[in-house]
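K.L.:
The structure's right below; bear with me while I get my questions together.
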Amino acid sequence: MTTFHASKFPVLVIGGTGKTGRRVAERLTALGVPVRIGSRNATPAFDWEKPETWTTALEGISAAYITYYPDLAVPGAAEAVGDLARLAVRKGVKRLVLLSGRGEPEAQRAEQMLQASGADWTIVRASWFMQNFSESMLLGPILAGEMALPVSSVREPFIHADDIADVVTASLTDDRHIGQLYEVTGPRMLTFAEAAGEIATATGRAIDYRTITPEEFIQGLEQEQVPADIAALVNELFTVVLDGRNEYVTDGVQKALGRKPRDFADYAREIAATGIWEDAK
Ligand SMILES: NC(=O)c1ccc[n+]([C@@H]2O[C@H](COP(=O)([O-])OP(=O)(O)OC[C@H]3O[C@@H](n4cnc5c(N)ncnc54)[C@H](OP(=O)(O)O)[C@@H]3O)[C@@H](O)[C@H]2O)c1
């Protein structure tokens, strides 16, 4: 038996204009659940860097979806998540759902902080998003027809952001997900070269894949004027987290929703049909 909550009080969706937050906000709205976006550009503003903005953003909400920015792997992220969770609980907001990452010690520490906060928690620990190829840092290389990354044979079970959003939305609206840690991945592991190949097949465009050294990768990011701390973070995500530790598929989507996750080939066809991968030239 499931319990659907459609409180008149809004759900705070932190990062509500980002890759998973936007989708969660859309789903909640479709269910008739009011949403408050938590981001630097929202009103009231929520900024992870400015804890003084947190209290107002938490005022009068029924639950929160917590996504940390830029990444839970950043030093201090776990403390920030813990501080926010404890503040929320003190304000009577017990229902908290955290987006986490796999194989990142700092992310796993953030999970523990949430679990210790006294919240009615759910953790959605996700693999790499497929949408990194269409809404984030890998879109540029796809458009250029050339992807050069410091990762070779390691396979990743990329997950569709819609699947994450479905699990998060279910978690925010159904009490049976309280106390669950869902490790969610896609159904199939692919190397980055194979992922580029799937996109090439779906678009009919040639996309070359080349493995480069971490030094060459950082140099390239610096040439693109990516700030040094973000370049170091991105490099860490490719080299440390993609060292084989996450090379396995999980059944988190099936457990949470009773259905299979979406496959990369379906994602590639869906995005190819939108035209955003068309050659810009
Ligand atoms: N990408 C992946 O493959 C992946 C995989 C597993 C886990 N994760 C986790 O997912 C989380 C989000 O990563 P993402 O790359 O997908 O980002 P994202 O959700 O696309 O991030 C953008 C969102 O964050 C907001 N934002 C940016 N800076 C902020 C700040 N200082 N305070 C509050 N909100 C801020 C943005 O709105 P404004 O600009 O208006 O502030 C926007 O709503 C990270 O914690 C990461 O560890 C990512």
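K.L.:
Just one of Ile207, Ile199, Ile271 is touching a Gly at 6+ places or on another chain (Cβ under 9 Å), open to solvent by less than 50 Å² (accessible area, probe 1.4 Å) and in contact (Cβ under 8 Å) with a residue 24 or more places away in the chain; which is it?
P.N.:
Going through Ile207, Ile199, Ile271 in turn, the sole match is Ile207.
This table checks each residue for (1) farther than 23 Å from Gly103 by Cβ; (2) at pLDDT 95 or above.
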{"residue": "Asp174", "(1), (2)": "yes, yes"}
{"residue": "Gly186", "(1), (2)": "no, yes"}
{"residue": "Glu194", "(1), (2)": "no, yes"}
{"residue": "Ala206", "(1), (2)": "yes, yes"}
{"residue": "Pro214", "(1), (2)": "no, no"}
{"residue": "Phe217", "(1), (2)": "no, no"}
{"residue": "Leu221", "(1), (2)": "no, no"}
{"residue": "Pro227", "(1), (2)": "yes, no"}
{"residue": "Phe238", "(1), (2)": "no, no"}
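K.L.:
Now, a different point. For the stretch 21-42, does any single residue satisfy the condition of being part of a helix (DSSP H, G or I), within 14 Å of the ligand (Cβ to nearest atom), surrounded by fewer than 19 Cβ atoms within 10 Å (Cβ to Cβ) and at pLDDT below 95? Walk me through it before giving the result.
P.N.:
Initially, the stretch 21-42 is screened for residues part of a helix (DSSP H, G or I), giving 21-30.
If we keep only those that are within 14 Å of the ligand (Cβ to nearest atom) too, we end up with 21-26.
Of the ones still in play, those that are also surrounded by fewer than 19 Cβ atoms within 10 Å (Cβ to Cβ) are 22, 26.
Going one step further and asking which of them are at pLDDT below 95, we end up with none.
No, the stretch 21-42 contains no residue that is part of a helix (DSSP H, G or I), within 14 Å of the ligand (Cβ to nearest atom), surrounded by fewer than 19 Cβ atoms within 10 Å (Cβ to Cβ) and at pLDDT below 95.
K.L.:
Could I ask something else about it? Looking only at the stretch 135-160, count how many residues are of a type outside the set (Val, Ile, Thr), within 12 Å of the ligand (Cβ to nearest atom) and open to solvent by less than 20 Å² (accessible area, probe 1.4 Å).
P.N.:
5
K.L.:
On to the next question. Do you know which residues across the stretch 90-117 are over 24 Å from Val253 (Cα atoms) and open to solvent by less than 40 Å² (accessible area, probe 1.4 Å)?
P.N.:
Answer for the stretch 90-117, where residues must be over 24 Å from Val253 (Cα atoms) and open to solvent by less than 40 Å² (accessible area, probe 1.4 Å): Val93, Ser117.
K.L.:
Now a separate question. Where the second residue is part of a strand (DSSP E or B) and buried (at least 18 other Cβ atoms within 10 Å of the Cβ) and the first is among the charged types (D, E, K, R) and lies in the stretch 181-192, which pairs have Cβ atoms under 6 Å and are six or more apart or on separate chains?
P.N.:
That search, which allows pairs on different chains as well, returns Glu183/Arg125.
K.L.:
In the stretch 54-73, which residue that is within 14 Å of the ligand (Cβ to nearest atom), out of contact with any Phe, Trp or Tyr (no Cβ under 8 Å at 6 or more places or on another chain) and part of a loop (DSSP other than H, G, I, E, B) is most open to solvent (accessible area, probe 1.4 Å)?
P.N.:
Top of the filtered list is Pro70.
K.L.:
Contact list please: Cβ distance under 6 Å, first residue in the stretch 65-81 and on the phi > 0 side of the Ramachandran plot, second residue of a type in the set (Ser, Thr, Tyr) and modelled with pLDDT under 95, pairs at least six apart or on different chains.
P.N.:
As it stands, the answer is none, since no pair meets every condition given.
K.L.:
So Trp121 passes all but one of these: (1) more than 8 Å from the ligand (Cβ to nearest atom); (2) open to solvent by 10 Å² or more (accessible area, probe 1.4 Å); (3) not in a strand (DSSP E or B). Which condition number does it fail?
P.N.:
Every condition holds for Trp121 apart from (3).
The values are calculated or read from the model by the stated rules, or taken from the named source; none is laboratory data. Not measured: the values here are computed from a predicted model. Cβ sites come from the backbone with ideal geometry, for glycine too, and all protein chains shown count toward neighbours. To get the accessible areas, we keep the full protein, side chains included, count just its heavy atoms, and leave off ligands, DNA and RNA. Shrake-Rupley method; radii C 1.70, N 1.55, O 1.52, S 1.80 Å.
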